[in-house]
Each structure stands twice: as C-alpha cells, then as structure tokens.
Amino acid sequence: MSTQPIDEQHLTFGPPEWGLSLAVAIIWGSSFLWIAIAIDHVASAVVPLARCGFGVAALLLFPAARRRFRREHLRLFVVTGLVWMAVPFLLYPIAEQTVNTSITGMINGGLPVMTTVVTALFTRTLPSRRRMLAVTVGASGIAMISLASVGGDTGADARGVLLLLVALVCYAVAANIARPLQAAYGALPTMLWITVFGAVWSLPLGVAGFRDSDFTWSALGALFALGFVGTGVAFAIYGVLLHRAGPVRGMIGIFFTPIVGLLLGVTIRDDELHSIAIVGMLVVIVGAVLTSRPEPSR
C-alpha cells in the first residue's frame, strides 16, 4: 500500500459527493436520537448487541465485504471489535441516561480532534504548530460544551459527559489500531469482521439485558436504524465517499453531525441547551475542520 499522500486536487467533489456527505451527516447525526428512543424501552446493554447484529446483517449484503481474514490478524480483529464497537456502543446509551441527545451529538463532534491527539501518541510524531492550534481550538470547544452542560436545566451530569469523552478516546484508538487491517483488506471487510467481534463481545451483557427490556415497535425501529443503517449502510456510503473525494474532503459530512444531532434533539426530544454549549459546538466544528487539513510537507 502506498504511503504517498493523496493529491485531492485531482479528485472530484460535486453534487454526488455533497449528496453522499449529506447522507453521512444525517445517518450518523441522527444516531444519538435513535439511542435515546431505544433506551426508553430497552436496557442499555441491549443497544450494542442489537447495533452490531443489525450492522453485520447490512454489511453481509455487500459482496465486497465477504472476505476472509488471515489467522495472524485474529487478535487484532478481536481487540478492535472491543474498542471500536462493544465499549463505545455501550457507553453512549449509558451516558444518554443523563445527557440529552443534543449535547451528546455536540461532544461527539470532537472526534477528529481526539483522533489527531491519539494518532500523535501512536506515531510518536509531534504535530505541526498549525495542527496543534487546531487541536487546542477543538479541545476548548469540547470543554465549553461539557462545562456548560453539567447540571442546570440540561440535566446532564459529569459522569455522563465523562463516559462520552471515554467513548471518543475509544474511537480514536480504534482508528489507529485498525489501520493495518484496512490496508490489508479494505474498508468493508474490515468493518464487517470488527462488527462481528463487537457482537461477540456484546453478547453476554446484551442477552442479560433482555429481561429488563420491552421490545416495542419504536425500540425495534430505533435499534434497526442504529445498526442496519447507522453501522452497516453508513460505513458503505462513507467508504464510497472516501474513494471519490479523498480522506480530507470525505470528512465534511462528519463535521455536520453535531448540527443534525442538535436539531433533532431540540425539535423531537425538547432538549434544553445553554447558549455557551452551542457556541462550543461551533468552536468544535472549526477545530475539526482545521484538524482535517493536510499537514504541510516536511
């Protein structure tokens, strides 16, 4: 696999790419709403199991995903399934018991910033001053959202916010440890097997949570949307977008997920927000956009 940077000047970004970006933003931005609806009826531990199960079903529909992996990669798939799927998929519904949909989406917007920090630690490479500034901007936005949301009218507590930040760290770590797998097998097979092992990790707690759950049609619909669409279909769309637009402009849709989460939370769940948290969301988006810009050549 080539390690040369991608020249995005020769990649297109027209109406089809904007359409794919919009789809990614809507699907992933609405996931926080679906989690909130699901945990109104089912135990939190059921969410990651159902999410991974439906995700596997969706990914199996794509022939390109049905590729076996080599035995030497088994341990890496097992670990990545835990860090990328099982743990964060459980942390989000637990956190949303005390943190509303809008705040969850806004904090999640700091993922590109968190990924940059974790990647620097993994590679032991000091980022450029421009990227360090971008991380500082994004981190300050996360701090504004978190501090403004704890207590008061929003009902958020420090524990819930902390769980969301831990989930971001999990995603950032997983993105780094999954790189060899993506290089060896491509996006879809990698996501399929990571989701399979995520389901295996989630099985014990998920099954135990069945007895404390009421599987209403709204809960089943929310879980289906989270897994089949939000995990399976969304990653397939995102893979196409990265291929067509490159890794930098391919992240544009992710920058709008906090806005989608905010709009859905306020309009559907009647979420209460502080103005400082909204300003923090905008700061996070600015930091995420700056973070996504390619590093200067050294």
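No value in this document is a laboratory result; all are computed from the given coordinates. Owing to the predicted nature of the structure, the values given are computational and were not obtained by experimental measurement. Glycine also receives a Cβ, built like all others from the backbone with ideal geometry; neighbour counts cover every protein chain displayed.
Kindly give the semi-axes, whole Å and largest first, of the ellipsoid equivalent to region 30-292, taking each as the square root of 5 times a Cα gyration tensor eigenvalue. Write down the numbers at each step before the final one.
Working: eigenvalues 143, 124, 49 Å².
The answer is 27, 25, 16 Å, longest axis first.
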What percent does the relative contact order of the chain come to when contacts are Cα pairs within less than 8 Å and at least six residues apart?
-> 43
Radius of gyration and Dmax for region 41-166's Cα atoms, expressed in Å?
-> 17.7, 52
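Which order results if Leu90, Leu290 are arranged by neighbouring Cβ count within 10 Å, fewest first? It would help to have the intermediate numbers written out before the result.
Numbers: Leu90 23, Leu290 19.
Sorted ascending by nearby Cβ count, the order is Leu290, Leu90.
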